[in-house]
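The values are calculated or read from the model by the stated rules, or taken from the named source; none is laboratory data. A quick note: this is a predicted structure, and the numbers were derived from the prediction, not measured. Here the Cβ is made from the backbone with ideal geometry for all residues, glycine too, and neighbour counts use every protein chain on show.
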Amino acid sequence: MLTPAQIRERGAKLHTALDAVIGQRSWSTPKRRAHQWRTLKKLVQHAFEHVPLYQRLFAKNGFKPEMLEDWDDLQKLPLLTKNDLREADEHSLNATASWSAPALWSFSQAEDLSKAPEGRRTPKRSRDDFRWLASSGSTGIPAKIARSETSLWHYMAWNTALFFDWCGGQPISNGLYLVDFAPDSIDFAAADLLRTTVPDSRLFSVHDPVSKLTEKVLSIAPEFISSYPSTLRAIALELGGRVIAKTKLIHLTSEMLDAHTRHLLGKVFPNAKLIETYTSTEGGLVAFQCTHDARWHIAETNVIAEIVDDEGKPTDGLGHLVITDLTNEATPIIRYRGLGDLARWETSPCPCGSTLRSIRQLEGRSAAMLRTRSGIWLSPFVITNAIEEVPGLAQYQVVQTQPGCIDVKIVATNTADLEPHLLRVLDHADMDVRVSLVPEIKPQGRGHKVPLVVSELSQAA
């Protein structure tokens, strides 16, 4: 439990961040664009003068800050990849890392936040007041960045404001939060800040056994749940057909919500509205689902978003999502392509009246794209949509290790109809299918995620 002094200090920081976010949400498009340009110029100058990673990257590409004169010059900035972050040491990522101790979390990911001694629940701080965080590594080796406390409070404030929107201005107090407690995850950092307004007894680790998390859902009967799709899917399966009627709102983040999981959650939580946010360690809050339409609004006061083709040129079609984080100077994220997600712009006006730019949908990760025997890239949804039509499916994962062949792992009572069904669907896709029945599918690596589609083929970062 936080002390009154801690609550007062944290409350003041959240109040300041909320004031800023509430003001930003009312900005006109010209004011928002002016903020983006002003912040971008400042961020680029800071990276050029102080951050070794960008000093090398800019020099390699012949870029200097004075080359940024208007928006057409954005393409002159080099793209940043996940490999750039992976290969950089802490000194290269942050101007103060050479003299300032990293602000790492101080207790094991296996411990519950609610059970950790008070002195071990608070992160160790650096002189520059930033925290070292790592991505989940779902696309490979985790990438490390430094994120400032100010940017984390801004992240928390945006999520708080969105929560009020989802609740129609009447916030739900009976909530349950399922969080990745890996000590260097952004979600754990956010969970620590969330303790300003949410009791520890409502925060649980997604690394806990599914049976324990299911028991909490049954005993608490929460009206609001914040979780990852894969975690809540596992709980829904564990419930074995039981219905949780009291849940009114479910917030899902960090992973793609596939159609099968959406259908399953709709059956187990029939009265719950499903809302998604698009977040990442590197970019914070990037986009959020509109409550009136099937599109995602870009959080344009937080990020500059671009969609580019394979050559890095802007495209109106399906392309790679590139972001610049405007909230964090600790490790600048400028024209970052490392999220690995594919998207396309939605250009029609939104019925909600928002003037924020929108994407119609996130169409998957480039790291999940499949390849036929003849070398053509194939959307993973061709496979997943076909699999989800088969009844009795509990869990599945598609793995590709060589072009023209996929292995489909299935957790189900019967797979007799699946292989011929997939072969019919893929008859013209130049693809062989191998189906195997397995007792369970576990996460790989350090994270909690179980990706639906995994491609081990070499792809652009």
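Considering the stretch 81-95, and only residues there that are surrounded by 16 or more Cβ atoms within 10 Å (Cβ to Cβ) and of a type outside the set (D, E, K, R), the residue that is modelled with the lowest pLDDT turns out to be Ala95. Of all residues in the stretch 4-40, those satisfying the criterion of being farther than 22 Å from Thr160 by Cβ and either touching a Ser or Thr at 6+ places or on another chain (Cβ under 7 Å) or modelled with pLDDT under 95 (or both) are Thr29, Leu40. Residues in the stretch 374-411 that are at pLDDT 85 or above and surrounded by fewer than 14 Cβ atoms within 10 Å (Cβ to Cβ): Thr401, Gln402. Every test in (1) touching a helix residue (DSSP H, G or I) at 6+ places or on another chain (Cβ under 9 Å); (2) in a helix (DSSP H, G or I); (3) under 30 Å from Glu90 (Cβ atoms) is passed by Glu66 save one, and that test is (1).
Annotation: Gly62 fulfils all but one of (1) on the phi > 0 side of the Ramachandran plot; (2) under 23 Å from the mean Cα position of the chain (by Cα); the unmet one is (2).
State all residues of the stretch 303-327 that are assigned to a loop (DSSP other than H, G, I, E, B) and either touching a Pro at 6+ places or on another chain (Cβ under 8 Å) or buried (at least 21 other Cβ atoms within 10 Å of the Cβ) (or both); if no residue qualifies, say none. It would help to see each step written out before you state the result.
To start, the set of residues in the stretch 303-327 that are assigned to a loop (DSSP other than H, G, I, E, B) comprises 309-313, 315-318, 326-327.
Across the stretch 303-327, the qualifying residues are Leu326, Thr327.
Annotation: Arg147 fulfils all but one of (1) basic (Lys, Arg); (2) at pLDDT 90 or above; (3) closer than 18 Å to His251 by Cα; the unmet one is (3). When the stretch 281-327 is filtered for residues that are among the small types (Gly, Ala, Ser) and either farther than 21 Å from Ile22 by Cβ or without any contact (Cβ under 8 Å) to a residue 12 or more places away in the chain (or both), the ones remaining, listed by number, are Gly283, Ala294, Ala305, Gly312, Gly317, Gly319. For the stretch 229-267, filtering for residues that are under 29 Å from Gly340 (Cβ atoms) and either small (Gly, Ala, Ser) or part of a helix (DSSP H, G or I) (or both) leaves 18. Of all residues being modelled with pLDDT under 95 and among the hydrophobic types (A, V, I, L, M, F, W, C) in the stretch 328-349, which is surrounded by the most Cβ atoms within 10 Å (Cβ to Cβ)? Just the residue, please. Going through the qualifying residues, I end up with Ala330.
Out of Glu282, Glu300, one residue alone is in the same structural domain as Thr29 (by TED's automatic domain parsing), touching a Lys or Arg at 6+ places or on another chain (Cβ under 7 Å) and in a loop (DSSP other than H, G, I, E, B). It is Glu300. Which residue is farthest from Pro30 (Cα to Cα), if the candidates are limited to the stretch 298-317 and must be at pLDDT 95 or above and charged (D, E, K, R)? Per the criteria, the residue is Glu306. Set side by side, the residues Glu300, Glu276 differ, and just one is in contact with a helix residue (DSSP H, G or I) (Cβ under 6 Å, 6 or more places away or on another chain), buried (at least 17 other Cβ atoms within 10 Å of the Cβ) and not basic (Lys, Arg), which is Glu300.
Each row is one residue, and each column tells you yes or no for (1) over 15 Å from the mean Cα position of the chain (by Cα); (2) of a type in the set (Phe, Trp, Tyr).
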| residue | (1), (2) |
| --- | --- |
| Trp153 | yes, yes |
| Ile186 | no, no |
| Val210 | yes, no |
| Val217 | yes, no |
| Gly241 | yes, no |
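Considering only the stretch 11-25, I want to know if a residue exists there that is within 22 Å of Leu285 (Cβ to Cβ) and assigned to a loop (DSSP other than H, G, I, E, B). Scanning the stretch 11-25 turns up no residue that is within 22 Å of Leu285 (Cβ to Cβ) and assigned to a loop (DSSP other than H, G, I, E, B).
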